[in-house]
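Any read-out appearing in this document is the output of simple, stated calculations on the displayed coordinates, not a laboratory observation. The structure displayed is predicted, hence computed values, not measured ones. As a convention, Cβ positions derive from the backbone with ideal geometry for all residues, glycine included, and neighbour counts pool all protein chains shown.
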Amino acid sequence: MELVNPGIGLIFWMTLAFGVVVFILKKFAWPAITNALAEREESIEEALRAAEITREEMKKLKLDNEELLKEAKEERVTIINEARKIRDKMLDDARARGNEEADRIVESAKQRIQNERNAAIVDIKNEIAEISILIAEKILREKLSDTAAQREYVNKLLKETNLN
Amino acid sequence: MAYNKGIMTHSKLSILLFLFFYASNLVLSAEQQVEKEKKEFNAGKKIMSHIVDAYDWHIADIGDVHISIPLPVILYDEGDWHFFWSSKFEHGYSSYKGYKIAKEGRLSGKIVRIADDGAYIRPLDFSITKNVFSIFITSAFIIWLFISIAKSYNRRRGHAPKGIQSVFEPLILFIRDDIARDSIGEKHYRKFLPFLLTLFFFIFLNNLIGLIPFFPGGANVTGNIGVTGVLAGFTLLTIWVNGNKNYWKHIFNTPGMPWWLKVPIPLIPIIEIVGVFTKPFVLMVRLFANITAGHIIILGFISLIFIFGQNSVAGGYTISVVSVGLAIFMNFLELLVAFIQAFVFTLLSAIFLGMAVEEEHH
């Protein structure tokens, strides 16, 4: 029976002691502890949120970078293509100009050759005329070696020449 | 009486030795006991004396010398206050100022005055008994402990917990998140958190200190029905102080019940009112019974050694191996029970408080 028969004194002191413990801890211990815990949890939460935002931003940044890189690559391709086009055009132009020049040179060469040939023909003609004169002179000298013949011939020439 | 005393001296010393020193010490004592006194060892009485409250704090008996801490006796009887040390009773063997410790009957173990007709009269007894003294020590310890923890929280604001702070932080968080918040709800739990935290740590630490077999432990505080009754009373009082309109309405005019169950015979209100008191009553009995049972089992295993040792020394030797093993196992189990019972008491208190502040829902 003693086990379930507590004394009034024990109940009194227990009530007092537990009441005091609750009161003191409620006033001096628990608020500090629970507030500190809540504060820390909040700061951790805050830090996690900030980290999340940063990660998000990093992701965006990375995406932007990739975009940029992609654009740069595309631009590089365009630039290279354009350069290739320009090069081809330049080459074509150069080739065309070269051909033209060559044609022009060939043409002028032909011209010059023609001129040379013409000059040569004139020279040859002159030469032939000279030679012909020489021959004619020699022939005439031969023919007009006697005076009679000379006279006759002069007369003939005089007759032929219109004297006015 | 004398022979009983002699046996107690040896066995009690042996129990202490056995629990905390070497097995050989106990066997030696058991041997001595068997040699010197061929008297009966009353395990039931022995165990009971370890579990109930006492007017002095018994440490050990060596030979015929009792070593105990005397505690103040405070009595109020017939308009007079009496103050004296419990050592005046000489461990219950003599009376002082007409008062003595009753040995049998309904008032066994209490201070009584013997009336002229031989009947026991019980004065108002405010003595600082072993349990009261233990409560004072653990209360002071708990206050010191949590104020120093609070200080380290203030000192290390926003930083990770350190030292003793990190030992208690998981428990504090467990009570806050898994007991208070879950049972009471986000809206009201903050209000009851200090009470629930105090309740939990008071029970838990007293349970643990009760498992230490020597001073300042060893008092069966949470295994005392008065102590658990006061704790349950605090819960009931908190419920009543904070119970809202909805709570009282549920008791006196339970919604959803046909009117003829309330008028003219208030059947449902009576059931509800009984329910109001059974809740703390169950809290009281559960904690008391669990802790007391654990102590009884451990002491029972230890007593086995002396019961067997009475018949043969070899028997004492043999059974001591088993008994100590079982007692160690029980001690581990009691560590678990110390936590579980503190947890259950706090959880149920939180649930009852949650019911008291619950908003009306349709």
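Odds and ends about this structure:
- Whenever a residue of segment B:270-282 is free of Cβ contacts under 8 Å to residues at least 40 places away in the same chain, its partners that are part of a helix (DSSP H, G or I), lying with C-beta atoms within less than 6 angstrom and at least six residues away or across chains, give the pairs B:GLU272/B:ILE251.
- Failed condition for B:ILE179, given (1) surrounded by fewer than 17 Cβ atoms within 10 Å (Cβ to Cβ); (2) in contact with a Leu (Cβ under 8 Å, 6 or more places away or on another chain); (3) of a type outside the set (Lys, Arg): (1)
- Among residues of segment B:157-169 that are more than 8 Å from chain A (Cβ to nearest Cβ) and touching a residue at least 12 places away in the same chain (Cβ under 8 Å), those with a beta-carbon under 9 Å from a residue that is surrounded by 11 or more Cβ atoms within 10 Å (Cβ to Cβ) and charged (D, E, K, R) at least six positions away or on a different chain give the pairs B:GLN165/B:ARG156.
- Hey, A:LEU16 within 8 Å of another protein chain (Cβ to nearest Cβ) and either within 23 Å of B:PHE200 (Cα to Cα) or in contact with a Phe, Trp or Tyr (Cβ under 9 Å, 6 or more places away or on another chain) (or both) or not: no
- Taken over segment B:184-204, the criterion of being under 11 Å from the mean Cα position of the chain (by Cα) and surrounded by fewer than 23 Cβ atoms within 10 Å (Cβ to Cβ) is satisfied by B:PHE204 alone.
- A:GLU127 of a type outside the set (S, T, N, Q) and farther than 30 Å from A:VAL154 by Cα: no
- Count of segment B:73-107 residues which are part of a loop (DSSP other than H, G, I, E, B) and under 21 Å from A:MET14 (Cα atoms): 1
- Wholly within segment B:208-327, helices (runs of 4 or more DSSP H) carrying at least 2 residues that are of a type in the set (Lys, Arg) and within 17 Å of B:LEU353 (Cα to Cα): B:245-252
- Residue in segment A:43-53 that is outside any loop (DSSP other than H, G, I, E, B), surrounded by 14 or more Cβ atoms within 10 Å (Cβ to Cβ) and within 14 Å of another protein chain (Cβ to nearest Cβ) present: no
- Top-ranked residue in segment B:106-129 [being charged (D, E, K, R) and facing chain A (nearest Cβ under 10 Å); ranked as surrounded by the fewest Cβ atoms within 10 Å (Cβ to Cβ)]: B:ARG106
- Selection within segment A:106-157 - exposed (fewer than 10 other Cβ atoms within 10 Å of the Cβ), assigned to a helix (DSSP H, G or I) and not hydroxyl-bearing (Ser, Thr, Tyr): A:ARG141, A:GLU142, A:ALA148, A:LEU157
- The sole residue among A:ILE33, A:ILE24, A:ILE8 that is in contact with a strand residue (DSSP E or B) (Cβ under 7 Å, 6 or more places away or on another chain), within 10 Å of chain B (Cβ to nearest Cβ), surrounded by 10 or more Cβ atoms within 10 Å (Cβ to Cβ) and free of Cβ contacts under 8 Å to residues at least 60 places away in the same chain is A:ILE8.
- Any hit, segment B:46-56, residues being more than 9 Å from chain A (Cβ to nearest Cβ), in contact with a helix residue (DSSP H, G or I) (Cβ under 8 Å, 6 or more places away or on another chain), among the basic types (Lys, Arg) and closer than 20 Å to B:ALA219 by Cα: yes
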